[in-house]
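The values are calculated or read from the model by the stated rules, or taken from the named source; none is laboratory data. Owing to the predicted nature of the structure, the values given are computational and were not obtained by experimental measurement. Ideal geometry is used to build each Cβ from the backbone, glycine not excepted, and the neighbour counts take in all protein chains shown. SASA here: full protein model, heavy atoms, side chains in, ligands and nucleic acids out. Shrake-Rupley method; radii C 1.70, N 1.55, O 1.52, S 1.80 Å.
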Amino acid sequence: MPSSLRRFWSITICSLALVAGCNGSPQFKSTDITGAPYGHTLELTDHTGKPRRLEDFRGKAVVLFFGFTHCPDICPTTLADIAQAVKSLGADAERVQVLMVSVDPERDTPEALAKYVTAFDPRFIALRGDLEATRKAAGEFKIFFEKAKSGDSYTVNHSAQSYVIDPQGRLRLLVRHDRIGQDLPGDLRAILKGA
């Protein structure tokens with residue numbers, strides 16, 4: 001094969017490889033749900049009593065999780081994993097806001113929520129509402145929850161995924177609770193870089 005033809009094919013193959021590797025779409029580890037027809041609004045009260053909306057957090061990436069303070073396993077593990085993921089960002093951690101929406105408005109008082117979420121990170125914010133507002137918020141993010149009898153008390157069965165909303169306020173990622181430690185740090189870095 002003549003050298004000019006070899007050079008032509010070398011350049012062509014390298015160009016195709018470069019285009020394939022730089023197709024412009026981010027490579028997230030979590031499930032990319034950009035453009036999903038849900039997860040656009042959220043209006044609840046934070047653990048200090050301040051009314052909050054998703055728009056309040058524009059300019060920051062938001063990690064959104066639905067849980068409750070009496071949860072024995074998934075919720076504390078998820079919040080600990082999220083806290084570690086955010087901490088791993090170093091100075092960029094200030095550009096991330098973690099929100100936990102309570103799915104147990106009966107027991108999750110503002111005081112209980114404040115103590116609970118800030119134990120994982122003082123910057124975390126808990127959101128709550130009455131049962132109707134909680135159902136509306138959960139429905140907007142396709143979150144299932146139901147009260148279930150447990151001995152003399154009850155527990156709350158609920159969906160365990162987290163969501164990432166970019167600094168422009170767009171729902172971008174669904175993060176499985178068992179993948180937060182592995183996937184969330186890199187995904188948050190990509191979101192913060194403008195992916």
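Among residues of the range 168-195 that are of a type in the set (D, E, K, R), those with a Cβ under 8 angstrom from a residue that is part of a helix (DSSP H, G or I) and buried (at least 17 other Cβ atoms within 10 Å of the Cβ), sequence gap 6+ or separate chain, pair up as 172/191; 176/183. Restricting 137, 126 to residues that are assigned to a strand (DSSP E or B) and either among the hydroxyl-bearing types (Ser, Thr, Tyr) or touching a residue at least 60 places away in the same chain (Cβ under 8 Å) (or both) narrows the list to 126. Is it the case that some residue within the range 144-161 is of a type in the set (A, V, I, L, M), more than 17 Å from residue 75 (Cβ to Cβ) and either in contact with a strand residue (DSSP E or B) (Cβ under 9 Å, 6 or more places away or on another chain) or assigned to a helix (DSSP H, G or I) (or both)? No: zero hits. The residue of the range 92-108 that is least open to solvent (accessible area, probe 1.4 Å), among those that are assigned to a helix (DSSP H, G or I) and not aliphatic (A, V, I, L, M), is 92. Might you check whether a residue that is at pLDDT below 95, of a type outside the set (Lys, Arg) and assigned to a loop (DSSP other than H, G, I, E, B) occurs anywhere in the range 163-180? There is no residue in the range 163-180 that is at pLDDT below 95, of a type outside the set (Lys, Arg) and assigned to a loop (DSSP other than H, G, I, E, B).
Which of the following residues is within 21 Å of residue 73 (Cβ to Cβ) and out of contact with any His (no Cβ under 6 Å at 6 or more places or on another chain): 178, 166?
That would be 178, the only listed residue that is within 21 Å of residue 73 (Cβ to Cβ) and out of contact with any His (no Cβ under 6 Å at 6 or more places or on another chain).
Answer yes or no as to whether residue 116 is over 16 Å from the mean Cα position of the chain (by Cα), closer than 22 Å to residue 77 by Cβ and in contact (Cβ under 8 Å) with a residue 12 or more places away in the chain. For residue 116, the condition - over 16 Å from the mean Cα position of the chain (by Cα), closer than 22 Å to residue 77 by Cβ and in contact (Cβ under 8 Å) with a residue 12 or more places away in the chain - is met. Among the residues of the range 141-153, some residue qualifies, meaning at least one is open to solvent by less than 10 Å² (accessible area, probe 1.4 Å), under 19 Å from residue 56 (Cα atoms) and of a type outside the set (Lys, Arg). Every test in (1) loosely packed, with under 15 Cβ neighbours inside 10 Å; (2) modelled with pLDDT of 95 or more; (3) in a loop (DSSP other than H, G, I, E, B) is passed by residue 132 save one, and that test is (3). Please tell me if residue 76 is farther than 26 Å from residue 193 by Cβ and at pLDDT below 95. No, not satisfied. For residue 74, the criteria (1) buried (at least 17 other Cβ atoms within 10 Å of the Cβ); (2) in contact with a Gly (Cβ under 8 Å, 6 or more places away or on another chain); (3) β-branched (Val, Ile, Thr) hold in every case but one, which is (1).
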